[in-house]
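For reference, the structure discussed in these notes is given below.
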Amino acid sequence: QEQLVESGGGSVQPGGSLRLSCAAPGLAFSMYTMGWYRQAPGKQRELVAFIAPNRTTTYLDSVKGRFTISRDNAWKTVFLQMNNLKPEDTAVYYCHQEASWGGYWGRGTQVTVSS
C-alpha cells in the first residue's frame, strides 16, 4: 500500500501555475514535517519546501515568492501551489515524510514547463 500519493502534475507554459497534492491516509500525518522535493534529469534530488506540524515553512531560494506549501491535517494532505513556473522548474516532484527513520516517499509526479 502506497503511503504517499502525489497528484496534480502536468505540462504548462512558462508563467503558468500548477497545484500538487500529496495524500497520506495511513500516516499519523499531523505529527510530521512534510516535504516536497524535485529531481530534474541528470541532477540530484533537491528540497523544494517543507512544512512543520506548526505550519512553519521553509523554501528553496529559487522558488521563494512563487511556490507555497500548505497542509490540511484533517484530510492528511500536503499541497504545493506553484505559480509563475519557469522551464527550470521542470522535474519529477516527490512528497516526503520527514521522519527520523527516513520517512516514506511518494512515487513522484512529473511537472514540465515548456513553451
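The values are calculated or read from the model by the stated rules, or taken from the named source; none is laboratory data. Computed from a prediction, not measured in an experiment: that's the story for all the values here. Backbone-built Cβ (ideal geometry, glycine too); neighbour counts: all protein chains shown. Remember, those area values only see protein heavy atoms, side chains included, never the ligands or the DNA or RNA. Shrake-Rupley method; radii C 1.70, N 1.55, O 1.52, S 1.80 Å.
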Consider residue 25 carefully, then state whether it is in contact with a Lys or Arg (Cβ under 9 Å, 6 or more places away or on another chain), more than 13 Å from residue 78 (Cα to Cα) and outside any strand (DSSP E or B).
no
State whether one or more residues within the range 50-64 are surrounded by 19 or more Cβ atoms within 10 Å (Cβ to Cβ), over 11 Å from the mean Cα position of the chain (by Cα) and either over 18 Å from residue 103 (Cα atoms) or not aliphatic (A, V, I, L, M) (or both).
yes
Can residue 30 be described as of a type in the set (Ser, Thr, Tyr), over 14 Å from residue 94 (Cβ atoms) and not in a loop (DSSP other than H, G, I, E, B)?
yes
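Would you confirm whether any residue within the range 6-13 is open to solvent by less than 70 Å² (accessible area, probe 1.4 Å) and either among the acidic types (Asp, Glu) or under 17 Å from residue 104 (Cβ atoms) (or both)? Talk me through it step by step, then tell me what you get.
Initially, the range 6-13 is screened for residues open to solvent by less than 70 Å² (accessible area, probe 1.4 Å), giving 6-10, 12.
From what is left, the residues that are either among the acidic types (Asp, Glu) or under 17 Å from residue 104 (Cβ atoms) (or both) are 6-7.
Yes - at least one qualifying residue is present in the range 6-13.
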Checking the conditions here, which among 85, 80 is in contact with a Pro (Cβ under 7 Å, 6 or more places away or on another chain) and in contact (Cβ under 8 Å) with a residue 24 or more places away in the chain?
85
If you scan the range 67-115, which residues turn out to be in a strand (DSSP E or B), farther than 15 Å from residue 11 by Cα and either open to solvent by 50 Å² or more (accessible area, probe 1.4 Å) or out of contact with any Gly (no Cβ under 9 Å at 6 or more places or on another chain) (or both)?
67, 68, 70, 71, 72, 77, 98, 105
